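*Asks:* Sending over a structure as structure tokens; questions will come in a sec.
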Amino acid sequence: MERLKPLKPEELTLEQQEVHAAIASGPRGQVRGPLAMWLHRPGLANRAQALGQYCRYDSSLPPRLSELAILVMARTWMSEFEWWAHKPIALKAGVAEEVVEAIRTGQEPVSGNEDEQVIYEFLTVLHATRNVPDALYQRAMVVLGKDRVVDLVGLAGYYTLISMTINVFGVVPPDGSAPELAQA
């Protein structure tokens with residue numbers, strides 16, 4: 001069954017053109033993946049991309065930690081497009097290759113950075129149990145601080161939406177790359 005496809009430029013309504021231009025002129029520089037799917041509903045696309053801009057570019061989490069969290073979310077949801085898009089960004093941001101590989105293969109990463117360990121555990125437990133026990137919450141608050149914990153939960157919610165969109169509409173890497181997560 002064919003899934004939803006990105007709209008062609010000539011198919012965009014005026015409202016869709018405006019949202020497309022806002023996304024393309026922002027830090028992402030282009031409209032692809034889940035954003036292209038949301039463009040079918042420009043009101044959703046506009047609001048979701050604004051949340052995404054905050055989660056990715058404006059939150060209290062530095063790129064190393066936000067990209068690590070995004071990879072954990074991609075693996076949790078088996079979201080190949082998200083993995084493909086963020087793996088190189090995470091590596092560039094300073095997430096160690098062995099940490100990335102452990103996440104890819106579904107193993108608990110061993111990191112010398114306590115903040116990375118807390119983020120991995122927090123997100124893994126949150127998704128497995130739909131909550132975080134008091135001890136882990138307190139550890140996260142001590143290691144990350146209140147602002148980063150709030151932003152981490154927001155990022156997890158946003159990338160759940162992203163991953164659901166990718167999986168439901170069959171969004172794949174545009175370069176035809178072989179799946180990395182399915183190999184794990």
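Where a number appears in this text, it was derived from the coordinates with a stated rule and is not lab data. Because the structure is predicted, anything quoted here is derived from the model rather than measured. Here Cβ is always computed from backbone atoms with ideal geometry, including for glycine, and neighbour counts include all displayed protein chains.
*Asks:* Kindly express, to the nearest 10 degrees and within the range 0 to 90, the angle between helix 80-93's C-alpha long axis and the longest C-alpha principal axis of the chain.
*Replies:* Computed tilt is about 60 degrees.
*Asks:* Nearest 0.05, what FRET efficiency do Tyr137 and Arg41 give at R0 = 35 Å with Cβ-Cβ as r?
*Replies:* Values: r = 35 Å, r/R0 = 1.00.
In this case the efficiency is close to 0.50.
*Asks:* Turning to a different aspect of this structure: Mind checking the angle between helix 146-169 and the chain's longest principal axis? C-alpha axes, 0 to 90 degrees, to the nearest 10.
*Replies:* Its long axis makes an angle of about 50 degrees.
*Asks:* Taking K and R as +1 and D and E as -1, what net charge do the other residues with C-beta under 9 Å from the C-beta of Ala140 add up to? Each step should come with its number before you reach the end.
*Replies:* Working: positive: Arg139, Arg148; negative: Glu121.
Net local charge, Ala140 excluded: +1.
*Asks:* When the Kirkwood radius is taken over all Cα pairs of the stretch 1-157, what Stokes-Einstein diffusion coefficient follows at 25 °C and 0.890 mPa s, in µm²/s? Mind showing how you got there, number by number?
*Replies:* On the way: Rh = 16.8 Å.
Diffusion coefficient, whole number: 146 µm²/s.
*Asks:* Report, in whole Å, the centroid distance computed from the Cα atoms of the stretch 123-168 and the stretch 1-78.
*Replies:* Computed from Cα coordinates, the inter-centre distance equals 20 Å.
*Asks:* Then there's this: How much mean residue ellipticity at 222 nm does the chain get from its helices, if each DSSP H run of length 4 or more adds -39500 (n - 2.57) and you divide by all residues, to the nearest 500 deg cm²/dmol? Intermediate values should be presented prior to the final figure.
*Replies:* Working: 9 runs with 116 residues, N = 184.
Taken over the chain, the calculation gives -20000 deg cm²/dmol.
*Asks:* Compute the relative contact order of the stretch 63-160 as a whole-number percentage, counting only Cα pairs closer than 8 Å that sit 6 or more residues apart in sequence.
*Replies:* Working: 96 pairs, mean separation 32.4, N = 98.
Rounded, it is 33 percent for the stretch 63-160.
*Asks:* When only C-alpha pairs under 8 Å and at least 6 residues apart count, what is the relative contact order of the chain, in percent? Could the numbers behind the result be given before it?
*Replies:* Numbers: 197 pairs, mean separation 51.3, N = 184.
Relative contact order for the chain comes out at 28 percent.
*Asks:* While we're looking at this one, here's another question. So, counting K/R as plus one and D/E as minus one, what does the shell of residues with Cβ under 12 Å around Asn46 add up to?
*Replies:* Overall, the nearby charge balance is 0.
*Asks:* With axes computed from alpha carbons, what is the tilt in degrees of helix 42-53 against the longest principal axis of the chain, rounded to the nearest 10 within 0 to 90?
*Replies:* Result, in degrees: 30.
*Asks:* Lys/Arg Cβ at +1, Asp/Glu Cβ at -1, dipole of the chain taken about the Cα centre: which of Ala48, Pro63, Thr124 is farthest positive-ward?
*Replies:* Farthest along the dipole direction, towards plus: Ala48.
*Asks:* Something else: Please give the net charge around Gln107, taking every other residue with its beta carbon less than 12 angstrom from that of Gln107, where Lys and Arg add +1 and Asp and Glu add -1. Each step should come with its number before you reach the end.
*Replies:* Values: positive: Arg75, Arg104; negative: Glu98, Glu101, Glu108.
With Lys, Arg at +1 and Asp, Glu at -1, the net is -1.
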